[in-house]
Amino acid sequence: VSTQSTGSSGINAEYGVGLVHCVPREGTAGYIGVLVPQLEERDEDNEQVRPMGFHLIHLPFADDIRKLTYEPTEQPSSAQVEAAKSLVNKLKAKQFNSSLIENPCVLQFNKTLEAIALEKDSIEETEDSTKPDVERMNKRAGIEMEKLNNIVFPAGYNIPDDCKKPDYKRVISLVQNRQREGTLAKVGVADLRLYCKGVRLKVSSTAKKGDLLDAIKKFLG
């Protein structure tokens with residue numbers, strides 16, 4: 001650790017990088033890389049925000065570098081650029097911390113292990129918090145979205161299938177049938193949330209699957 005700290009400070013003082021030959025694993029071919037130093041950063045409370053260390057960047061060989069050709073594309077107008085800027089500014093998060101977003105794959109893996117260990121009949125689905133909240137986005141920047149669409153896309157433009165409005169009719173029918181069959185727990189979290197939106201059933205944005213099931217069962221009587 002002390003060697004790393006000294007090296008990072010020394011390289012940074014010279015505004016340079018370290019040239020290295022890196023061998024990832026024994027028996028594998030090495031490559032040339034550079035060590036870019038990163039100094040320690042602390043906030044006003046003297047809490048470490050960023051540790052001291054290095055970033056290893058893989059340098060390509062000459063024959064790895066290719067000259068890419070690009071087809072000429074139509075440049076946006078100033079009005080389109082301004083409309084896009086307005087939309088982006090409207091959707092900017094004032095306080096965002098990526099460390100608060102959990103990996104849905106890891107969560108689902110843990111749920112699966114839990115179900116196997118406890119011999120549960122079904123595996124609880126994990127809500128994917130990495131997906132955008134389309135409803136809140138529409139409430140916050142619906143006008144800016146519509147303006148940008150009208151400026152960029154020509155009249156009569158066909159919206160792709162994956163961008164169309166949610167199929168509330170399908171989900172409502174699915175949930176009602178599952179409720180009658182007593183298999184409502186097999187419905188996924190995404191469909192349960194979509195059902196709540198379709199029937200205007202208010203639920204918390206952080207509600208778990210169990211909470212959604214309880215709310216829907218109470219709603220359906």
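Looking only at region 1-40, filter to residues that are open to solvent by 50 Å² or more (accessible area, probe 1.4 Å) and within 11 Å of F54 (Cβ to Cβ); which one of those is modelled with the lowest pLDDT? Applying the filter and picking the extreme gives Q4.
Checking each residue in region 205-221 for being without any contact (Cβ under 8 Å) to a residue 60 or more places away in the chain and open to solvent by 40 Å² or more (accessible area, probe 1.4 Å) picks out T206, D211, D214, K217, K218, F219, L220, G221. Just checking, does region 140-158 include any residue being farther than 17 Å from K209 by Cα, of a type in the set (G, A, S) and touching a residue at least 24 places away in the same chain (Cβ under 8 Å)? Yes, because at least one residue in region 140-158 is farther than 17 Å from K209 by Cα, of a type in the set (G, A, S) and touching a residue at least 24 places away in the same chain (Cβ under 8 Å).
Cβ-Cβ distances below 7 Å connect the following pairs, each with a first residue in region 114-129 that is closer than 20 Å to L184 by Cβ and of a type outside the set (A, V, I, L, M), a second residue that is at pLDDT 85 or above and open to solvent by 100 Å² or more (accessible area, probe 1.4 Å), and a separation of six or more residues or different chains: S122/K186. Each residue in region 77-113 was checked for being touching a residue at least 12 places away in the same chain (Cβ under 8 Å), among the hydrophobic types (A, V, I, L, M, F, W, C) and under 19 Å from E146 (Cβ atoms), and 5 pass.
A single entry from K202, K139 fulfils the requirement of being at pLDDT 85 or above, closer than 30 Å to S77 by Cα and not aromatic (F, W, Y): K139. Of the helices (runs of 4 or more DSSP H) lying entirely inside region 123-204, those containing at least 1 residues that are open to solvent by 50 Å² or more (accessible area, probe 1.4 Å) and closer than 16 Å to K218 by Cα are 168-181, 189-198.
Among (1) within 30 Å of K90 (Cβ to Cβ); (2) open to solvent by 80 Å² or more (accessible area, probe 1.4 Å), where does F109 come up short? Answer for F109: the failing condition is (1). Considering only residues that are surrounded by 11 or more Cβ atoms within 10 Å (Cβ to Cβ) and in a loop (DSSP other than H, G, I, E, B), look in region 43-77 and name the one that is nearest to the chain's Cα centre (by Cα). Among those residues, the one meeting the criterion is P51.
The values are calculated or read from the model by the stated rules, or taken from the named source; none is laboratory data. If you're wondering where the values come from, they're calculated on a predicted model, not measured in any experiment. Glycine gets a Cβ as well: all are built from the backbone with ideal geometry, and neighbour counts include every protein chain shown. Remember, those area values only see protein heavy atoms, side chains included, never the ligands or the DNA or RNA. Shrake-Rupley method; radii C 1.70, N 1.55, O 1.52, S 1.80 Å.
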